[in-house]
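A.B. asks: Quick one: structure below, then a few questions.
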Amino acid sequence: MAKVAWKGGTLLAPVPPALISCSHGGKDNLITVAWTGILNSNPPKTYISLRPERFSYELIKESGEFVINLPSAHLVRSIDFCGVKSGRTVDKFSACRLTREPASQLSCPMVAESPVSIECRVTEIIPLGSHDMFMADIVAVNIGEQYIDETGKFHIEKCALAAYAHGQYFALGKKIGSFGYSVKKKKKG
């Protein structure tokens, strides 16, 4: 397949349009970020990257904590709103009719409507250029009980998570494989 080379850029897709909740000084806020991911397994570490001029930047810097809420596709309007409106001028929880839910380990709220909420405690802030990276320990993962079966297995496919790619939102589709399936031995019938 022939490819066209572009200059270096931020085209890594899809990514989660993560709804970040944060709080400091009695002010809660939500911000949508695509720059997030896993940094390490043991101990579990993650990051988000924010522009210093964003309202949430100071809240997270001062509190040292945030929650990565992974939203389902039906929240796409709220995801978009929280990415383009500033918490300096609007209460995004109220504007989007989202419910604050207490976190298990942190003082900032989680988003009750998100199937998965990942509680994070900042360990380091790394200036990168246009964005600063907030490296964090994952201190708790909260999953909606309707996505966990009687054996304790998490069924992420039932979450209908949203994805973001090249300026557009998508609903994740059907399962096409699972980790290790390409080398798994076939069962004898």
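A.B. asks: Against the definition (surrounded by fewer than 20 Cβ atoms within 10 Å (Cβ to Cβ), hydrophobic (A, V, I, L, M, F, W, C), within 24 Å of residue 168 (Cα to Cα) and in contact with a strand residue (DSSP E or B) (Cβ under 8 Å, 6 or more places away or on another chain)), how does residue 18 come out, yes or no?
C.D. replies: Details: surrounded by fewer than 20 Cβ atoms within 10 Å (Cβ to Cβ): no; hydrophobic (A, V, I, L, M, F, W, C): yes; within 24 Å of residue 168 (Cα to Cα): yes; in contact with a strand residue (DSSP E or B) (Cβ under 8 Å, 6 or more places away or on another chain): yes.
Answer is no for this residue.
A.B. asks: The conditions are (1) surrounded by fewer than 16 Cβ atoms within 10 Å (Cβ to Cβ); (2) within 22 Å of residue 54 (Cα to Cα), and residue 154 fails exactly one of them. Which is it?
C.D. replies: The single condition residue 154 does not satisfy is (2).
A.B. asks: What number of residues within the range 93-104 satisfy the criterion of being under 14 Å from residue 143 (Cα atoms) and surrounded by 14 or more Cβ atoms within 10 Å (Cβ to Cβ)? If you could, list the steps in order and put the result at the bottom.
C.D. replies: Quick first cut of the range 93-104, residues under 14 Å from residue 143 (Cα atoms) only: 101-104.
Narrowing further to those that are surrounded by 14 or more Cβ atoms within 10 Å (Cβ to Cβ): 101, 103.
Residues meeting the conditions: 2.
A.B. asks: Sticking with this one: Would you confirm, using the coordinates I've provided, whether residue 119 is acidic (Asp, Glu) and under 24 Å from residue 57 (Cα atoms)?
C.D. replies: Numbers: acidic (Asp, Glu): yes; under 24 Å from residue 57 (Cα atoms): yes.
Yes.
A.B. asks: If you don't mind, another one. May I ask you to list the residues in the range 23-61 that are hydrophobic (A, V, I, L, M, F, W, C), surrounded by 18 or more Cβ atoms within 10 Å (Cβ to Cβ) and within 16 Å of residue 137 (Cβ to Cβ)?
C.D. replies: 48, 60
A.B. asks: Scan the range 77-89 and tell me whether some residue there is of a type in the set (Lys, Arg) and touching a residue at least 40 places away in the same chain (Cβ under 8 Å). Before you say what the answer is, go through the steps one by one.
C.D. replies: Here is the first cut: in the range 77-89, the ones of a type in the set (Lys, Arg) are 77, 85, 88.
Keeping just the survivors that are touching a residue at least 40 places away in the same chain (Cβ under 8 Å) gives none.
For the range 77-89, residues of a type in the set (Lys, Arg) and touching a residue at least 40 places away in the same chain (Cβ under 8 Å): absent.
A.B. asks: Can I ask one more? Please specify each residue of the range 35-68 satisfying the condition of being touching a residue at least 40 places away in the same chain (Cβ under 8 Å), more than 16 Å from residue 19 (Cβ to Cβ) and assigned to a loop (DSSP other than H, G, I, E, B).
C.D. replies: Residues satisfying the conditions are 43, 44, 51, 52, 64.
A.B. asks: Taking the range 62-75 as the region of interest, how many residues are under 17 Å from residue 170 (Cα atoms) and surrounded by fewer than 17 Cβ atoms within 10 Å (Cβ to Cβ)? Before you say what the answer is, go through the steps one by one.
C.D. replies: Quick first cut of the range 62-75, residues under 17 Å from residue 170 (Cα atoms) only: 69-75.
Within this subset, residues satisfying the condition of being surrounded by fewer than 17 Cβ atoms within 10 Å (Cβ to Cβ) are 73-74.
Total meeting the criteria: 2.
A.B. asks: Is there any pair linking a residue in the range 14-32 that is under 13 Å from residue 71 (Cβ atoms) to one that is in a loop (DSSP other than H, G, I, E, B) and basic (Lys, Arg), with Cβ under 8 Å and at least six apart or on different chains, and which?
C.D. replies: Correct list of pairs: 31/54.
A.B. asks: Of everything in the range 92-101, what is touching an Asp or Glu at 6+ places or on another chain (Cβ under 8 Å) and not in a strand (DSSP E or B)? Give them in sequence order. Let's see the steps before the verdict.
C.D. replies: From the range 92-101, those touching an Asp or Glu at 6+ places or on another chain (Cβ under 8 Å) are 93, 98-100; that's our starting set.
Matches in the range 92-101: 93, 98, 99.
A.B. asks: Residue by residue through the range 109-122, note down the ones that are closer than 16 Å to residue 36 by Cβ and hydrophobic (A, V, I, L, M, F, W, C).
C.D. replies: Of everything in the range 109-122, those that are closer than 16 Å to residue 36 by Cβ and hydrophobic (A, V, I, L, M, F, W, C) turn out to be 110, 111, 116, 118, 120, 122.
A.B. asks: Still on this structure: Quick one: residue 111 ticks every box in (1) in contact (Cβ under 8 Å) with a residue 12 or more places away in the chain; (2) on the phi < 0 side of the Ramachandran plot; (3) surrounded by fewer than 17 Cβ atoms within 10 Å (Cβ to Cβ) bar one, so which box is it?
C.D. replies: Result: residue 111 passes all but (3).
A.B. asks: For the range 115-143, give me each residue that is within 14 Å of the chain's Cα centre (by Cα), in a loop (DSSP other than H, G, I, E, B) and under 21 Å from residue 24 (Cα atoms).
C.D. replies: Once the filter is applied, which keeps residues that are within 14 Å of the chain's Cα centre (by Cα), in a loop (DSSP other than H, G, I, E, B) and under 21 Å from residue 24 (Cα atoms), the range 115-143 yields nothing.
A.B. asks: Separate question: Hey, among the residues in the range 144-167 that are out of contact with any helix residue (DSSP H, G or I) (no Cβ under 9 Å at 6 or more places or on another chain) and in a strand (DSSP E or B), which one's nearest to residue 119 (Cα to Cα)?
C.D. replies: Only one residue tops the list, namely 148.
A.B. asks: Based on what the data block shows, is residue 170 outside any loop (DSSP other than H, G, I, E, B), surrounded by fewer than 17 Cβ atoms within 10 Å (Cβ to Cβ) and either in contact (Cβ under 8 Å) with a residue 24 or more places away in the chain or not charged (D, E, K, R) (or both)?
C.D. replies: Numbers: outside any loop (DSSP other than H, G, I, E, B): yes; surrounded by fewer than 17 Cβ atoms within 10 Å (Cβ to Cβ): yes; either in contact (Cβ under 8 Å) with a residue 24 or more places away in the chain or not charged (D, E, K, R) (or both): yes.
Here the answer is yes, as residue 170 does meet what is asked.
Throughout, read-outs are computed from the coordinates displayed, never taken from laboratory work. Predicted model, so just to flag it, every value in this text is computed and none were measured. Please note: Cβ atoms are built from the backbone with ideal geometry, for glycine as well, and neighbour counts cover all protein chains shown.
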